[in-house]
Amino acid sequence: MDARSAALVRANFRSVTDAPGGSERLISAFYGHLFADNPRLRELFPPAMDMQAKRLATAIQFVLDNLEDWERAQKFLEQLARDHRKYGVSAAHYDAAGRALLSAFRTFHGPNWHRELEEGWRDITILISASMAIGANSDKSKPFWEATVVGHRKVLEDLAIVRLQSDGPIPYQAGQYVPVAVPQRPKMWRYLSPAIPANPYGEIEFHVRKVRGGWVSPAIVNETKVGDRWQVAGPLGGLHVDRESGRDVLMIGAGTGIAPLRAQLIEMGQRGINPRVHFFIGGRYPCDLYDVENMWQLSQSNPWLTVVPVCEEKTNPWWYPHPPADAPYGMHRRLIGNLGAVVASFGAWADRQIQIAGSARMIEDTRRALIAVGTPEYIISSDPV
Ligand SMILES: Cc1cc2nc3c(=O)[nH]c(=O)nc-3n(C[C@H](O)[C@H](O)[C@H](O)COP(=O)(O)OP(=O)(O)OC[C@H]3O[C@@H](n4cnc5c(N)ncnc54)[C@H](O)[C@@H]3O)c2cc1C
């Protein structure tokens, strides 16, 4: 695709996402076309499709952002297609999906649609569907594994640590995330990041925060029972420490966003030689740093690791049930302030490889704070949330 067409489709997609409810209208037109032409595909998806718009829009944006680095975009699309195997979507369905997406753009723009847009989006939708078909065909492993809940512990009113034993080892790399479906909300797959590295016994641990008004996370935090059977699909994402780069590491995590960082640190703890790692763990109140003690313990036996807790408030809120004397080890060195601002106050960390994990807003704020002090953007990685 030439630079002019690329600029045209990018600007066009921006006009869709900037319009109030634009992404939702586009994606609902996409599913409208897809299910009208292929009614049997509807059964493969969950009844509630409200989160699909955001996910699909994020995926299209990622592809558009990486048109000049097609290998990266292709890898992402192949992973996405492997992930969709859990719904029963196969390579043959991607041609239909590509055509439905092009029709959705036509429907969205109505009379403003023109030949250059048709050609630009046709090229993109063909690239997307071809890459996804390659991804779906390339993976002959199981689309998902079954795992039994063996532990469920609420560490905060709205946050639970869930431990599972899968029927077979799930082949993920520390730092990746996996789609998960729970019996209380069948077929409603959500991404969760394992908080420990994969092991041969199939043990896996997730840290889940309840999102108010959410479908799945409140069910996980409040209703999960030992013995529940979960489905866990193939891994996605590429957060990792690049050992070849020769760069030390800066990790910044908030809330359950610490999970993929924690998994990598535990995995690194099993090796003899590691780059130096500074790990900033943030939260609003001290009690939000629910795992700081474990990370502090890890740093005590691994001199390459420095853990820095950061809280916005000095004390816990009045409703937190434990007395201040219960402060975990590791908190004596905590810094007070906004996580991104605190990390950036130490400088640009330009000689590091940087991973940021947390909510979309936290990632964006932290990324912006670092770039403002001169951090090169290319050294920063985060998951598409
Ligand atoms: C790569 C990746 C890794 C993730 N890892 C974890 C993890 O390890 N632990 C974990 O607890 N969650 C994780 N999440 C978030 C998780 O996948 C769900 O999005 C989240 O649990 C909400 O699901 P839900 O069904 O309860 O809410 P939904 O029913 O999907 O959404 C309900 C409403 O809440 C909003 N919403 C959705 N997610 C959030 C959020 N995170 N913060 C604020 N508002 C939100 C939606 O916009 C919607 O309006 C991860 C997400 C991604 C993309």
Seminar exercise, completed: Going through the range 155-185 in order, the residues found to be surrounded by fewer than 22 Cβ atoms within 10 Å (Cβ to Cβ) and more than 13 Å from the ligand (Cβ to nearest atom) are Glu157, Arg163, Gln165, Ser166, Asp167, Gly168, Pro169, Pro171, Gln173, Pro183
Exercise. Do any residues in the range 211-236 that are under 18 Å from Met49 (Cβ atoms) have Cβ atoms under 6 Å from those of residues that are assigned to a helix (DSSP H, G or I) and modelled with pLDDT of 95 or more, where the two are at least six apart or on different chains, and which pairs are they?
Worked result: Val211/Ser217
Problem set entry | Filter result for Ser345 (surrounded by 13 or more Cβ atoms within 10 Å (Cβ to Cβ) and among the polar types (S, T, N, Q)) | no
Exercise. Any idea which of Arg276, Arg284, Arg271 is within 16 Å of the ligand (Cβ to nearest atom) and basic (Lys, Arg)?
Worked result: Arg284
For this session: Would you check if there is a residue in the range 322-339 being in contact with a Lys or Arg (Cβ under 7 Å, 6 or more places away or on another chain) and either in contact (Cβ under 8 Å) with a residue 24 or more places away in the chain or open to solvent by 60 Å² or more (accessible area, probe 1.4 Å) (or both)?
Result: yes
Seminar exercise, completed: By my count, helices (runs of 4 or more DSSP H) wholly in the range 1-107 with at least 3 residues that are open to solvent by 20 Å² or more (accessible area, probe 1.4 Å), among the small types (Gly, Ala, Ser) and modelled with pLDDT of 90 or more are 3-18, 22-37
For this session: Within the range 78-131, track down each residue that is of a type in the set (Phe, Trp, Tyr) and more than 27 Å from the chain's Cα centre (by Cα).
Result: Phe108, Trp113
Seminar exercise, completed: The number of residues in the range 129-142 that are in contact with an Asp or Glu (Cβ under 9 Å, 6 or more places away or on another chain) and touching a residue at least 40 places away in the same chain (Cβ under 8 Å) is 8
Exercise. Any idea which of Glu313, Glu364 is within 16 Å of the ligand (Cβ to nearest atom) and either assigned to a helix (DSSP H, G or I) or open to solvent by 60 Å² or more (accessible area, probe 1.4 Å) (or both)?
Worked result: Glu364
Exercise. Before we move on, is Gly282 surrounded by fewer than 18 Cβ atoms within 10 Å (Cβ to Cβ) and either free of Cβ contacts under 8 Å to residues at least 40 places away in the same chain or not aliphatic (A, V, I, L, M) (or both)?
Worked result: no
Exercise. Is the range 243-250 home to any residue that is away from the ligand (no atom under 15 Å from the Cβ), outside the structural domain of Leu77 (by TED's automatic domain parsing) and buried (at least 20 other Cβ atoms within 10 Å of the Cβ)?
Worked result: yes
For this session: Using the structure shown, decide if Thr375 is open to solvent by less than 30 Å² (accessible area, probe 1.4 Å) and either of a type in the set (Lys, Arg) or away from the ligand (no atom under 16 Å from the Cβ) (or both).
Result: yes
Problem set entry | Candidates Leu261, Leu305 - the one that is hydrophobic (A, V, I, L, M, F, W, C), at pLDDT 95 or above, under 20 Å from Tyr177 (Cβ atoms) and open to solvent by less than 20 Å² (accessible area, probe 1.4 Å) | Leu261
Exercise. Yes or no: Gly227 outside the structural domain of Glu43 (by TED's automatic domain parsing), surrounded by fewer than 20 Cβ atoms within 10 Å (Cβ to Cβ) and near the ligand (Cβ under 9 Å from one of its atoms)?
Worked result: no
For this session: Return yes when Leu102 is hydrophobic (A, V, I, L, M, F, W, C), under 25 Å from Gly21 (Cα atoms) and free of Cβ contacts under 8 Å to residues at least 60 places away in the same chain and no when it is not.
Result: yes
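The values are calculated or read from the model by the stated rules, or taken from the named source; none is laboratory data. The structure presented is a predicted model; accordingly, all values stated were derived computationally and were not measured. Because the Cβ atoms are built from the backbone with ideal geometry, glycine has one as well, and the counts that use them run over all protein chains shown. Calculation scope for accessible area: heavy atoms of the full protein, side chains included, ligands and nucleic acids excluded. Shrake-Rupley method; radii C 1.70, N 1.55, O 1.52, S 1.80 Å.
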